[in-house]
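Accompanying notes for the structure given below.
The values are calculated or read from the model by the stated rules, or taken from the named source; none is laboratory data. What you see is a predicted model, and the numbers here were worked out from it, not measured in a lab. All Cβ positions, glycine included, derive from the backbone under ideal geometry; neighbour counts span all protein chains shown.
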Amino acid sequence: MTLSVIMPVYNEKDTILEILRRVQAVEIDKEIIIVDNCSTDGTREVLQELQAENVEVVLQPRNMLKGTSVRAGIERARGDFTIVQDADLEYDPQDYHKLLAAAHAEAADAVIGTRFGGTDAATGPAIHSFGRNRLNDLFRLLYGSQLTDVASCYKLVRTPLLKGLKLRCSSFDLDYEMAAKLAKRGARVVEVPIHYSPRTVAEGKKLRWSDGFAAAWCLLKYRFVD
């Protein structure tokens, strides 16, 4: 199975080369699509000089938010499966093996990497955990699902199915739109525990409280409309 890795990037100069090294170190047949969202900290210049095998760099013309960068990557994806990889070192690319193994063993359309793994000890600040848990509750109520981590970046999806979802969200709410549309399609979705090392706002975490309201609206909207 081949894998398309979409890496949306915005102001990650300190970590972009390290996360790229980690992704390239994973022994899987893959392509890497890096989409820079008009970074202003020097990341863009690093990417413009980048020369790496199986890596495509897309430079957005202006700041169009993370979801738009992900959608641009999906349009270019050619692998059997596609996954999004944040550039901030919170997620461990070696977990690709686990996700792909689950997709094969369970004949799954999508595999979500849950950061809980039976405990909430390593999932970030309490305020983030509270908001995420309420959104998980809302998702389960609206879509009749038992997923535990709808916001997880690691959503491994069969590429033809992912392209067919016709995603529209432009920001962090894209994660919720993706999960909602997979549920409405009746896709077979399974979860597996993954590694997660959360960073703080001071370290560059970009998620804000307003993103929670956007995610809730997204779940409500796509429950009743396409």
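All of (1) modelled with pLDDT of 95 or more; (2) assigned to a loop (DSSP other than H, G, I, E, B); (3) surrounded by fewer than 15 Cβ atoms within 10 Å (Cβ to Cβ) hold for Thr200 with one exception: (1). Residues that are surrounded by 22 or more Cβ atoms within 10 Å (Cβ to Cβ) and outside any strand (DSSP E or B) within the range 154-171 comprise Tyr154, Leu162, Cys169, listed in sequence order. Remark: pairs (first residue in the range 48-75, within 24 Å of Ala25 (Cβ to Cβ); second residue surrounded by 13 or more Cβ atoms within 10 Å (Cβ to Cβ) and of a type in the set (Asp, Glu); Cβ separation under 6 Å; 6+ apart in sequence or on different chains) = Asn54/Glu31.
In summary, Gly186 fulfils each of the numbered conditions (1) closer than 22 Å to Gly131 by Cβ; (2) surrounded by fewer than 17 Cβ atoms within 10 Å (Cβ to Cβ); (3) free of Cβ contacts under 8 Å to residues at least 24 places away in the same chain with the single exception of condition (1). Can you say whether Glu31 is free of Cβ contacts under 8 Å to residues at least 24 places away in the same chain and either in contact with a Ser or Thr (Cβ under 8 Å, 6 or more places away or on another chain) or over 14 Å from Thr159 (Cα atoms) (or both), as far as the supplied structure shows? So Glu31 does not fit the description; no.
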